[in-house]
1. Would it be correct to say that T241 is assigned by TED's automatic domain parsing to the domain that holds G350, free of Cβ contacts under 8 Å to residues at least 60 places away in the same chain and not hydrophobic (A, V, I, L, M, F, W, C)?
2. Hey, does region 53-68 have a residue that's on the phi > 0 side of the Ramachandran plot, within 16 Å of the ligand (Cβ to nearest atom), without any contact (Cβ under 8 Å) to a residue 60 or more places away in the chain and of a type in the set (D, E, K, R)?
3. Of the numbered conditions (1) without any contact (Cβ under 8 Å) to a residue 60 or more places away in the chain; (2) surrounded by fewer than 17 Cβ atoms within 10 Å (Cβ to Cβ); (3) of a type in the set (V, I, T), T181 fails exactly one; give the number of that condition.
4. Name the residue, out of A81, A154, A116, A134, that is more than 16 Å from the ligand (Cβ to nearest atom) and buried (at least 21 other Cβ atoms within 10 Å of the Cβ).
5. What is the residue count in region 378-419 for residues that are closer than 18 Å to V10 by Cβ and either in a strand (DSSP E or B) or at pLDDT below 95 (or both)?
6. Can D36 be described as over 28 Å from Y267 (Cβ atoms), over 21 Å from the mean Cα position of the chain (by Cα) and more than 16 Å from the ligand (Cβ to nearest atom)?
7. Checking G305 against (1) on the phi > 0 side of the Ramachandran plot; (2) within 16 Å of the ligand (Cβ to nearest atom); (3) small (G, A, S), which single condition isn't satisfied?
8. Filter region 224-251 for residues that are among the hydroxyl-bearing types (S, T, Y) and out of contact with any Asp or Glu (no Cβ under 9 Å at 6 or more places or on another chain) and give the result.
Amino acid sequence: MSILIKNGRVITASDDCQADIFIENETIRAIGKDLDMVADETIDASGKLVFPGCIDPHVHLDMPFMGTYSSDDYETGTRAALFGGTTSVIEFILQTQGDTLHNALKTWQEKSIPKAVGDFGYHMAVTDFNDDVAKEVVQMIEEEGISSFKTFMAYKGALMIDDGQMVQLMKVVKKHGGIVTVHATNGDMIDSLISKNLEAGNTKPLYHYLSQPEVTEAEASGRFCDMLNYTGCPGYIVHMTCEGALNAVRKRTQRNQKVFVETCTQYLMIDASLYEQEDGAKWVMSPPLREKKDQEALWSGINQGIVQVVGTDHCPFTLEQKAMGKDNFAKIPNGHPAIEHRIEFMYSEGVRKGKISLNKFVEVCSTNAAKIFGMYPKKGAIGIGSDADIVIFDPNKEHTISVDTHHMNCDYSGYEGWKVTGKTETVLLRGKVAISNNECHLNPGDGKFIPRGKSSMVI
Ligand SMILES: [Zn+2]
């Protein structure tokens, strides 16, 4: 099977040129002007942008949390991702405290392999670290293709490890070429603020926001960087939301340590004023939405190269699930639906509004995640030999975001009525047309696990 994509404007993290792309089976075989190969199928991309399939390294599918499960599973979640131009995701396996990493891996394989429509990898969340788990960490890197380890500095008693465990984990991960990622907020401070608010009868969603002030994230981000510097381990801070945390990293990176930062589309687009609305629970997530000044700081962090990745932290819950916390903000399941619209939002809000360049757009939505997490240049690139994961994007198409048209398994959109310019039109996953004419042509099981290598030193 071969496909020839003709006359597109090919954008990568570094290049911008008019070119044709020839694909044979799963792989890009040739890139050039007026290619004369004969293909089984030709796609005319005149007037369209052509860029590498995007990678969302922060999604939660079918995730057990707060007594329920996120409403998108591997089938609905990876399909919605493909509709938006995201061909690969990295999801989180959660170790149960007191149990092994391998048992957790098995649970996640059962729910992902038969169902995934798009490609996927796993971060391994280490929630309980000891000598036995240390051995398993090495096996994950060397044998299972899982080279990134998620940690939590919050959620004590469920997910959090202490600083001693963190440092020991970093030492093992550094030795074997992996990377440690973190949810960086000061859990003890947040827990006490939540308790005080509930005691005072402050139960509305606004108090979710007020219980996680900027300092809780800034302090933990700085502490994480200091532990990385002490151990020499490369690290990655997920879902950064605010100026204080960014400045904590900006200051530490002057000593030339390897720390990468991810933010998410919501922290660039919407702010904490939404928590004052009656339906504020729709946007309850951790860390919470912040202020306008934080959005500006994050855009500048992207352009300065301090923020390398834009993900989503996709973790949808239905309105019924969100209502679990109608009398107590601490019982609202955290997260919102986002996996589908990241690329269109980053193009419309970022590129079209002059905040980032086209090359930067590809860098933060695709290439950097591939490099940091050991998938480059198989993923995140349009190059000879790369997987033919390709997005053909109409830069001028106007449309409106709505629950009525999205493909995520969630009965609301956090962006209802938001007008967007630019739409994902055709998507190829490893040489197969996954999306065209507003339809998905792949099935559950077509998505493949991506065994990841140790190339966190590429970037
Ligand atoms: Zn998350």
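The values are calculated or read from the model by the stated rules, or taken from the named source; none is laboratory data. Here the structure is a predicted model, which is why all the values come from computation and not from measurement. Please note: Cβ atoms are built from the backbone with ideal geometry, for glycine as well, and neighbour counts cover all protein chains shown.
1. yes
2. Here is the first cut: in region 53-68, the ones on the phi > 0 side of the Ramachandran plot are 62, 66-67.
Those still in the list that are within 16 Å of the ligand (Cβ to nearest atom) too: 62, 66.
With the extra rule that they be without any contact (Cβ under 8 Å) to a residue 60 or more places away in the chain, the set shrinks to 62.
Narrowing further to those that are of a type in the set (D, E, K, R): 62.
Among the residues of region 53-68, at least one is on the phi > 0 side of the Ramachandran plot, within 16 Å of the ligand (Cβ to nearest atom), without any contact (Cβ under 8 Å) to a residue 60 or more places away in the chain and of a type in the set (D, E, K, R), which makes the answer yes.
3. (2)
4. The unique qualifying residue is A116.
5. 8
6. Numbers: over 28 Å from Y267 (Cβ atoms): yes; over 21 Å from the mean Cα position of the chain (by Cα): yes; more than 16 Å from the ligand (Cβ to nearest atom): yes.
Criteria met by D36.
7. Of the numbered conditions (1) on the phi > 0 side of the Ramachandran plot; (2) within 16 Å of the ligand (Cβ to nearest atom); (3) small (G, A, S), the odd one out for G305 is (2).
8. Of the residues in region 224-251, the ones among the hydroxyl-bearing types (S, T, Y) are 230-231, 236, 241.
Once the filter is applied, which keeps residues that are among the hydroxyl-bearing types (S, T, Y) and out of contact with any Asp or Glu (no Cβ under 9 Å at 6 or more places or on another chain), region 224-251 yields Y230, T231.
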